[in-house]
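The values are calculated or read from the model by the stated rules, or taken from the named source; none is laboratory data. Treat the numbers as computed from the prediction; the structure is a model and nothing was measured. Positions of Cβ are generated from backbone atoms using ideal geometry, with glycine treated the same way; all protein chains shown enter the neighbour counts. Heavy atoms of the whole protein, side chains included, go into the accessibility calculation; ligands, DNA and RNA do not. Shrake-Rupley method; radii C 1.70, N 1.55, O 1.52, S 1.80 Å.
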Amino acid sequence: MNANGWRATGPALVILIALTLYAQSVWALNQDDILRLHEAGLNAGTIVNVIRGTTEPIEITPEEIDELEATGVPAEVITELRSVLGVQTQPQQPAVTSPPTDQQQQLEQERLRIEQERMEAERERLRQQIEAEEARATTVETEFRALRNARSLLRDGRHFEAAAMFHRFIEEVQPDPMSDEYYDATFGLVDALHQAGLRWAIREEALQVALMGSSRRHFSRVVPILQDIVRDVGFRSPRITDLANQIIREYDADFQDVYNFFLGRYFFDAGELNQALTFLSNVDSQGEYGARALFLTAVILLNPQMGENIRGVETLQRAIMVADPDVEVDREVIENAYLALARVAYQVGNFGGALYYYNKIPVSSQRWTSALFESGWTYFLFGDMNRAIGNFHSLHSPYHQQRFYPDLYVLEAAAYLYTCNIDAALEAVSTFEEEIGSLRNAMRQFMVDATDPMVFERALFDQAQAARQGQALPPEALSVVLSSTDFHNLFQIISQFEQEIALFRPMASQFGSWGENVLSDLETTLANRRIEAGILIHDTLQEFIRELDDWWFRAQEVKIDIGDLQARYLELILSEGRSTISEGSTLVIVAADWQYWPWEGEYWLDEVGSYRGNLTTRCPDDVQF
C-alpha cells in the first residue's frame, strides 16, 4: 500500500456527486445514472430519494427499466421508476379520481417539505464525510513523508525524534497490523528507542515484530535487539518460545549463531535444559558465540540431573581452546571454565587437578580472589598447611577487601592446630571471636530493626540515607551481598530501569498516551524490582547470619581441640620432666625466590598470592587429627 492508496476516491465521493448533481437538477436521470448509483453501493431508499428529488424528466424507457431489473437493481427502485413513468407492472383500469381537497394539498406540500429537508441533511452528511476523507488523505500523505523523514533522522542519530515520528505514523494512519507499513513503522520505533538506550519500554513491540516471522525483512535485526532486552532487563514471556518455530536456513551463518545462542541461553535460564542443548548445539564453535555456547553446554552437562560429567569436562576444555583471550567476553569464558574445571576436580577429590586449574586464573582477574580462597581450602584438605596459610594470609590484604570470608580465621586456626602451633592457633581463634562476635551482634540488631524490605534495599542503594537513619549495614555484610551473582544481576536490571526513566521522562509527552503508559509502567516495574531487591538482600543476610553462627560453633570446636592439645602437652611435661615444648615459627616466605622474611604488616601486589607459611610441625607422635 502506498500514499495514493489512501486518497478519498471511494463510494462516498460518488454518492455525494450523484446526490448533489441530480438533486440540484443538473442533468436528467437516465438508465446509466441509475445503474451507476446502484453499483456505487447506494441503498434502495437513497436511490428512490434521488429519483423523487429530480425535477428534470427521467429519460428511461420501459425496456430499459426491465434491463435494470435484470441487472439486480432493487425492486423498490424499479417500482419507483415505473410509477414515475406511468408504467404499470400489471394492466389496471383507469381510476376515477376526484380533484384533491385543500387538506390533501396541504398534506402533500408538507410531505414534500419534509422530504426536501431530509435530502438536504443527507447531502450535508455526505459532504462532511468527503471532507473528512480528504483531510485523512492529506494526513496520510503527510505521515508517509514523515515516515521517510524518520528514517533519515534515525540515520543522523536523532533517536527520540525519529521514534516519535514512527509512533505518530502508527497512531494517525492506523495501517493494517499485518501490512508492510505497520511492520516497518513498528520496527522503526523499536530500533530508534533501542539505539536511544531503552529496553523495557520496547519489549512488547520488539517481540511483536519478531513474531511476525522470519520471512519479514527486519527479522535478522530485531532478534539481536530482543536479545539485548532479555539480557538487560530480564524480560520473560511465554511467547518468546514461539520463536523456536521460525525457519532460518535462508539466513547467513552469523545470524543463525545469534538466533541459536539467544534461544539456547533463554531456555537455559528458564531451566529447560534439553531445549537449551538443542539450540546451543547448532552454534558454530568457531564463531563469535562459539566459546559461550560451549561453556553453557558444559554447565548443562555437569548438572546432576543430566549426569554427563565426562562430556561436561571435555566441553569445558573445548570452550577454553576456541575462546579468544583478546576478546573480553571470551576471557570471561576462559576464566569461568578454569574455575568450573577446578571445582569439578575438587568435588571428586582430585586436589592436584583442582590446584592446577585454580592457578590458571590471572592476578588481574576479578575471579582471582575466589580462586585464591578456594585453592587455600584445597591446600588445606590436601594437607599442605604452609601453602594454605600463605593463601589465607594473602586474603587479608587490601587487594581482597571486596570479599569477606568469615571462615578465614577458623581455617588459619585449624592449620596452626594441625601443625601444633598452639599460640598462633589461639591468636587466630581470638581474632575470629573478636571480629565475628561483634559482627554477629551488629547483624542481629540490624535484622531486628529492619521492618520492611525497603530498609534492606536502602541499605545497599542509598547507603548515605541509611547511615543517617541508623540503618547502615556493616562493611562485611555489604561485601557479601555485593558478591552475590543474583544481586549483581538484579542490580544491573534496576540500573537499566533508572537509566530508561531518566532518558524517557523528558520525551514521554511526544508519544501521547502511549508515552504516558510506558513511563508509568517503567516506574511501577522499577518500584517492584526494588522490593524484589530488598527481599533478596534480606534472604542473603539471613543466610550470612546462619553462616556466621556455623563458623562460630566451628571456632569453638577448634578452641576445644587446642585445649585438648595443651592438656596433652602438659601431660608430656609432667611425664618427661620437660619445662617447655618447642613450637614452629610463624615466618612467611615469598614463593618467587624462597627468601625468608618476617611479617611486617605490608602487602605487595606482585607478591600477594605467592605467600607460603613456614610452619614446623611439633606434634607429639601420639597426636593425630
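Numbers at a glance
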| read-out | value |
| --- | --- |
| Flag if D184 is part of a loop (DSSP other than H, G, I, E, B), at pLDDT below 95 and surrounded by fewer than 22 Cβ atoms within 10 Å (Cβ to Cβ) | no |
| Conditions (1) within 20 Å of P224 (Cβ to Cβ); (2) surrounded by fewer than 16 Cβ atoms within 10 Å (Cβ to Cβ): number failed by E314 | (1) |
| Single unsatisfied condition, A164 versus (1) closer than 26 Å to F255 by Cα; (2) touching a residue at least 60 places away in the same chain (Cβ under 8 Å) | (1) |
| Odd one out for Q109 among (1) at pLDDT 70 or above; (2) open to solvent by less than 90 Å² (accessible area, probe 1.4 Å) | (2) |
| For T525: the one exception among (1) open to solvent by 50 Å² or more (accessible area, probe 1.4 Å); (2) among the hydroxyl-bearing types (S, T, Y); (3) modelled with pLDDT of 90 or more | (1) |
| Residue check, R148 closer than 18 Å to Y259 by Cα and assigned to a helix (DSSP H, G or I) | no |
| Checking R203 against (1) under 21 Å from the mean Cα position of the chain (by Cα); (2) touching a residue at least 40 places away in the same chain (Cβ under 8 Å), the condition it does not meet | (2) |
| Selected residue (criterion: nearest to W368 (Cα to Cα)) from residues of the stretch 317-357 that are loosely packed, with under 15 Cβ neighbours inside 10 Å and of a type in the set (G, A, S) | G352 |
| Candidates E161, E171, E143, filtered to the one that is among the acidic types (D, E), assigned to a helix (DSSP H, G or I), surrounded by fewer than 20 Cβ atoms within 10 Å (Cβ to Cβ) and modelled with pLDDT under 90 | E171 |
| Selected residue (only one of F504, F487 is modelled with pLDDT of 95 or more and more than 15 Å from the chain's Cα centre (by Cα)) | F504 |
| Condition met for S285 (hydroxyl-bearing (S, T, Y) and open to solvent by less than 40 Å² (accessible area, probe 1.4 Å)) | yes |
| Conditions (1) touching a helix residue (DSSP H, G or I) at 6+ places or on another chain (Cβ under 9 Å); (2) over 30 Å from I494 (Cα atoms); number of the one not met by E250 | (1) |
| Per-region count, the stretch 358-372, residues touching a residue at least 40 places away in the same chain (Cβ under 8 Å) and open to solvent by less than 20 Å² (accessible area, probe 1.4 Å) | 1 |
| Candidates F295, F279, F255, filtered to the one that is closer than 21 Å to E332 by Cα and either among the aromatic types (F, W, Y) or surrounded by fewer than 16 Cβ atoms within 10 Å (Cβ to Cβ) (or both) | F295 |
| Enumerated helices (runs of 4 or more DSSP H) restricted to the stretch 285-366, each holding at least 1 residues that are polar (S, T, N, Q) | 290-301, 309-322, 328-347 |
| Tally of residues being assigned to a loop (DSSP other than H, G, I, E, B) and of a type in the set (F, W, Y) across the stretch 200-247 | 1 |
| Every pair of residues 6+ apart whose Cβ atoms lie under 9 Å, when the first sits in the stretch 373-402 and is open to solvent by 30 Å² or more (accessible area, probe 1.4 Å) while the second is assigned to a loop (DSSP other than H, G, I, E, B) and among the acidic types (D, E) | W377/D407 |
| Residues that are modelled with pLDDT of 95 or more and under 21 Å from A185 (Cα atoms), drawn from the stretch 217-242 | H218, F219, S220, R221, V222, V223, P224, I225, L226, Q227, D228, I229 |
| Given (1) open to solvent by 80 Å² or more (accessible area, probe 1.4 Å); (2) more than 24 Å from I114 (Cα to Cα), index of the condition N43 fails | (2) |
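Quick grid of which residues meet (1) surrounded by fewer than 16 Cβ atoms within 10 Å (Cβ to Cβ); (2) modelled with pLDDT under 90; (3) among the hydroxyl-bearing types (S, T, Y):
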residue	(1), (2), (3)
E427	no, no, no
L439	no, no, no
R458	no, yes, no
Q463	yes, yes, no
F511	no, no, no
V518	no, no, no
